[in-house]
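**Student:** Pasting in a structure now, in structure tokens, and then I'll have a few things to ask.
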Amino acid sequence: MVAGDRRLQSGAGEKGGSETGPSPVDRGRPGSKHHLLVDATGIPLAFSVTGGNRNDVTQLIPLLDAVPAVAGLRGRPRRRPDTVIADRGYDHDKYRRLVRERGIKPLIARRQTAHGSGLGRYRWVVERTFAHLHQFKRLLVRYERRAEIHHALLALGCCLICYRRLRSSI
């Protein structure tokens with residue numbers, strides 16, 4: 001943003017704000033993507049926001065590294081899942097190898113293969129969490145130019161999902 005007379009004006013290349021990019025599905029309009037890592041019940045463990053034109057696979061390792069330690073039984077806190085289930089957007093041999101090096105088994109659908117891999121039996125949990133997040137209109141349609149504000153709203157949405165899950169289990 002560039003300081004104008006009395007208001008902030010967009011600088012060169014910042015029409016949609018930071019962390020946006022031309023959407024491949026919406027005629028090149030600026031947009032952003034939400035990336036989530038959830039547990040088996042749909043509780044968000046890690047999230048990130050990128051431009052609409054970024055590949056999904058670039059966020060796989062940062063999401064895995066962002067998982068906080070889970071306290072529980074005696075011993076070292078658990079920091080990583082046993083397996084990662086992902087759709088075709090995360091299919092890349094280099095990233096499969098990086099996931100295996102972290103001691104995690106990757107279950108990622110292969111590109112250019114017939115549907116019916118069976119991962120949909122588990123993948124719906126993530127899609128349900130996205131549906132819960134996108135019930136908040138400020139997350140469904142991005143109005144903020146600043147990425148920090150949108151990231152904070154995404155964090156708040158994830159907190160509300162966790163709170164609602166805890167409240168319903170009591």
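The values are calculated or read from the model by the stated rules, or taken from the named source; none is laboratory data. Bear in mind the structure is a predicted one, so any value in this text is a computation, not a measurement. Don't worry about glycine lacking a Cβ; one is built from the backbone with ideal geometry, like all the others, and counts go over all protein chains shown.
**Student:** Quickly run through region 67-83 and pick out the residues that are part of a loop (DSSP other than H, G, I, E, B) and exposed (fewer than 14 other Cβ atoms within 10 Å of the Cβ).
**Tutor:** The answer is Pro68, Ala69, Ala71, Gly72, Leu73, Arg74, Gly75, Arg76, Pro77, Arg79, Asp82.
**Student:** Hey, could you check region 22-56 for residues that are farther than 29 Å from Arg164 by Cα, surrounded by fewer than 17 Cβ atoms within 10 Å (Cβ to Cβ) and of a type outside the set (D, E, K, R) and say which is modelled with the highest pLDDT?
**Tutor:** Asn55
**Student:** Among the residues of region 62-82, which ones are more than 24 Å from Arg146 (Cα to Cα), in contact (Cβ under 8 Å) with a residue 12 or more places away in the chain and hydrophobic (A, V, I, L, M, F, W, C)?
**Tutor:** Leu64, Val67
**Student:** Further question on the same structure: Name the single residue, out of those in region 108-167 being among the β-branched types (Val, Ile, Thr) and assigned to a loop (DSSP other than H, G, I, E, B), that is surrounded by the fewest Cβ atoms within 10 Å (Cβ to Cβ).
**Tutor:** Only one residue tops the list, namely Val141.
**Student:** Could you run through region 64-122 and say how many residues are closer than 22 Å to Phe47 by Cβ, more than 18 Å from the chain's Cα centre (by Cα) and acidic (Asp, Glu)?
**Tutor:** The total comes to 1.
**Student:** Sticking with this structure for a sec: Given the conditions (1) free of Cβ contacts under 8 Å to residues at least 24 places away in the same chain; (2) under 23 Å from Cys158 (Cβ atoms); (3) not in a strand (DSSP E or B), which single one is not true for Gly89?
**Tutor:** (1)
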